[in-house]
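Trainee: Okay, here's the structure, questions in a sec.
The values are calculated or read from the model by the stated rules, or taken from the named source; none is laboratory data. Since the structure is predicted, the reported quantities are computational estimates derived from the model, not experimental observations. As a convention, Cβ positions derive from the backbone with ideal geometry for all residues, glycine included, and neighbour counts pool all protein chains shown.
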Amino acid sequence: MAEAQQFDLALETDNAMAAAGGSTAGDGLAKIVEEFIAAKAHNPSLPDILPRVITIVKTLPESNNTSIALKKVAVAYAAQGQYDRATKLIQTFEEDFDREDGAQDVAVQFAKLGLYDRALQLAIKAGDYFGPMALIEIASEALKHRDKPKGFGNSCANRLAHRKSKEGCGLRTH
């Protein structure tokens, strides 16, 4: 119970700082969510703070870097097994950069959970900058777990080639 009260206090403090004109509320909320993810892994009975974080984020101006907190919430949803919710949350970002960065973060979380197909699907949506990084991190997670799903390497290459051909930037073959 004390752990849950600490999260409540942290959220109230962060919200009060934002109301007083603080500009780091989004970063503070992201840190709270990271700590919540770790605590929830050890104590699954902790009450869920994620809806409250989303409510607080919606009241903050964009200058508070709110997208970083929402990306952490999406990762937390993925860690809790709420895969569709995680994916839908990152799709709500208005900026391509945030949407693609969020896709990378959630893809890596899926890979940590052994959900390589889901991870690869999101890696494709992570764009030209974050996509390759997501693929590397997915492969790294697979190696850590000594997993190599059937056709994993071919699947990565095929998905990238398919995305490039859809964009009209076909891959060269010699």
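Trainee: Take PHE36 and tell me if it is surrounded by 17 or more Cβ atoms within 10 Å (Cβ to Cβ) and either at pLDDT 85 or above or touching a Pro at 6+ places or on another chain (Cβ under 6 Å) (or both). Give the derivation first.
Mentor: On the way: surrounded by 17 or more Cβ atoms within 10 Å (Cβ to Cβ): yes; either at pLDDT 85 or above or touching a Pro at 6+ places or on another chain (Cβ under 6 Å) (or both): yes.
Against the criterion (surrounded by 17 or more Cβ atoms within 10 Å (Cβ to Cβ) and either at pLDDT 85 or above or touching a Pro at 6+ places or on another chain (Cβ under 6 Å) (or both)), PHE36 qualifies.
Trainee: Working only within region 75-89, note down all residues that are under 8 Å from the mean Cα position of the chain (by Cα) and more than 12 Å from PHE110 (Cβ to Cβ).
Mentor: First, pick out the residues of region 75-89 that are under 8 Å from the mean Cα position of the chain (by Cα): 75-76, 78, 86.
Hit for region 75-89 is ALA76, nothing else.
Trainee: Looking at ILE54, ILE68, ILE90, ILE49, can you tell me which residue is at pLDDT 85 or above and touching an Asp or Glu at 6+ places or on another chain (Cβ under 7 Å)? Even if it seems obvious, please write down each step before you answer.
Mentor: Values: ILE54 fails: touching an Asp or Glu at 6+ places or on another chain (Cβ under 7 Å); ILE90 fails: touching an Asp or Glu at 6+ places or on another chain (Cβ under 7 Å); ILE49 fails: touching an Asp or Glu at 6+ places or on another chain (Cβ under 7 Å).
Of the residues listed, the single one that is at pLDDT 85 or above and touching an Asp or Glu at 6+ places or on another chain (Cβ under 7 Å) is ILE68.
Trainee: Out of contact with any helix residue (DSSP H, G or I) (no Cβ under 7 Å at 6 or more places or on another chain), assigned by TED's automatic domain parsing to the domain that holds ALA25 and not in a helix (DSSP H, G or I): is that true of GLY81 in this structure?
Mentor: Working: out of contact with any helix residue (DSSP H, G or I) (no Cβ under 7 Å at 6 or more places or on another chain): yes; assigned by TED's automatic domain parsing to the domain that holds ALA25: yes; not in a helix (DSSP H, G or I): yes.
It is true that GLY81 is out of contact with any helix residue (DSSP H, G or I) (no Cβ under 7 Å at 6 or more places or on another chain), assigned by TED's automatic domain parsing to the domain that holds ALA25 and not in a helix (DSSP H, G or I).
Trainee: A follow-up question, please. Within the group ASP147, ASP128, which residue is surrounded by fewer than 15 Cβ atoms within 10 Å (Cβ to Cβ), charged (D, E, K, R) and modelled with pLDDT of 90 or more? Walk me through it before giving the result.
Mentor: Details: ASP147 fails: modelled with pLDDT of 90 or more.
Residue meeting the stated conditions: ASP128.
Trainee: Next question. Would you point out the residue of region 84-137, among those that are assigned to a helix (DSSP H, G or I) and of a type in the set (Ser, Thr, Tyr), that is farthest from GLU62 (Cα to Cα)? Walk me through it before giving the result.
Mentor: As a first pass, look at region 84-137 and keep what is assigned to a helix (DSSP H, G or I): 84-91, 96-112, 116-125, 127-137.
With the extra rule that they be of a type in the set (Ser, Thr, Tyr), the set shrinks to 87, 116, 129.
Details: THR87: 21, TYR116: 33, TYR129: 23 Å.
Checking each candidate, the answer is TYR116.
Trainee: Could I ask something else about it? Scan region 98-118 residue by residue and report those that are touching a Phe, Trp or Tyr at 6+ places or on another chain (Cβ under 8 Å) and surrounded by fewer than 17 Cβ atoms within 10 Å (Cβ to Cβ).
Mentor: none
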